[in-house]
Amino acid sequence: MNQRLDLEDARAPDSARAGVRSVVPLTAFYAPQQCALHEMGSWHPECPQRLAAIEDQMIASGLASLVVTRECSPASREDLERVHPRAYLDRIFAMAPKAGYVALDADTLMGPGTLEAVRLAAGAAVAATDAVIDGVVRNAFCAIRPPGHHACVERAMGFCVVNNVAVAARHALGARGIERVAIVDFDVHHGNGTEDIFAGDERVLMVSIFQHPFYPYTGIDAPARNMINVPLPAYSDGAAVRSVVEQKWLPALEAFRPQMIFISAGFDAHREDDLGQMRLVEEDYTWLTERILEIAERHAAGRVVSCLEGGYNLSALGRSVVAHVRALAQA
Ligand SMILES: [Zn+2]
């Protein structure tokens, strides 16, 4: 028997149905190959090599054998339309080029493989949500791109076309009977798209940290009551982040009692990432993940779905994802 099955058996919950062999792995890993088809030119930091770097580090660390890699389908139009209006999706789908690139904004391009990547990225987030709610796995990480948290209701921006975490959260709320979800965003950039989608939606609590002032220059002016935005100055380190998480995020999450937690897992606040100027290291991502898991254990039966956002230094990205997923897998 291999190591993974031993581990899974040892950790199978008591509630596993009698008569069915108790194999309830902790962590699912979604990494649809189609997400590598999206590319915006060799100069662009949001590149397919990001996913290869993650896969390499997952294998080299031995972590790949502790998670269950699962397949998924493209998101349906119904899934996407829970977040984005039909007219916006029609426009994006019609713009997809057969060759070359089409610009959606200054730094967000569509190529021939983009639509398939977009639909698989959101599809992975939806599939992960179903797997976690159904108890097939306890939590899940989606190594997906394009990222999503800058995608607003009707606007692609900041490398993002469809808001993956929002599609998954709306699926949980609209199709799966979950009543309250928390969205935790630790990307170095403010998740303005997620805020645009959920501001004022009392079923959702969003907590975030982000470098400020910095792209996209949002999250400061009178955010809605369900947005706990914590701007931090450039060069903030792990101690600063941990302090504000303890003071601002955790009390709000405890009071909200989410039934499920989604993570916008951007790793561009890492000290080696040149797209931001913050100073987090792998141990900080472990710490953040453990605190999120503690809230999930108390209120959400451990249900966590994490989706990749930013992270552009390939080595730091791979190592940080390993730290994050290892914490998920050892919950
Ligand atoms: Zn970012």
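The values are calculated or read from the model by the stated rules, or taken from the named source; none is laboratory data. Everything numeric in this text was worked out from a predicted model, so none of it was measured. Heads up, the Cβs are rebuilt from the backbone with ideal geometry, glycines too, and the neighbour counts pull from every protein chain shown. Calculation scope for accessible area: heavy atoms of the full protein, side chains included, ligands and nucleic acids excluded. Shrake-Rupley method; radii C 1.70, N 1.55, O 1.52, S 1.80 Å.
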Only one residue in 238, 276 is open to solvent by less than 40 Å² (accessible area, probe 1.4 Å), within 15 Å of the ligand (Cβ to nearest atom) and more than 27 Å from residue 129 (Cβ to Cβ), so which one is that?
276
Selected residue (only one of 317, 275, 328 is part of a loop (DSSP other than H, G, I, E, B) and under 24 Å from residue 46 (Cβ atoms))
275
Residue selected from the stretch 160-194 under the condition among the acidic types (Asp, Glu) and buried (at least 24 other Cβ atoms within 10 Å of the Cβ), by the criterion farthest from residue 321 (Cα to Cα):
185
Scan of the stretch 138-186 for residues that are of a type in the set (Asp, Glu) and away from the ligand (no atom under 14 Å from the Cβ), ordered by number:
154, 179
From the residues in the stretch 300-311 that are under 14 Å from residue 183 (Cα atoms) and either open to solvent by 10 Å² or more (accessible area, probe 1.4 Å) or not in a loop (DSSP other than H, G, I, E, B) (or both), which one is nearest to the ligand (Cβ to nearest atom)?
308
If you take the residues in the stretch 246-273 that are of a type outside the set (Asp, Glu) and within 14 Å of residue 187 (Cβ to Cβ), which one is farthest from the ligand (Cβ to nearest atom)?
262
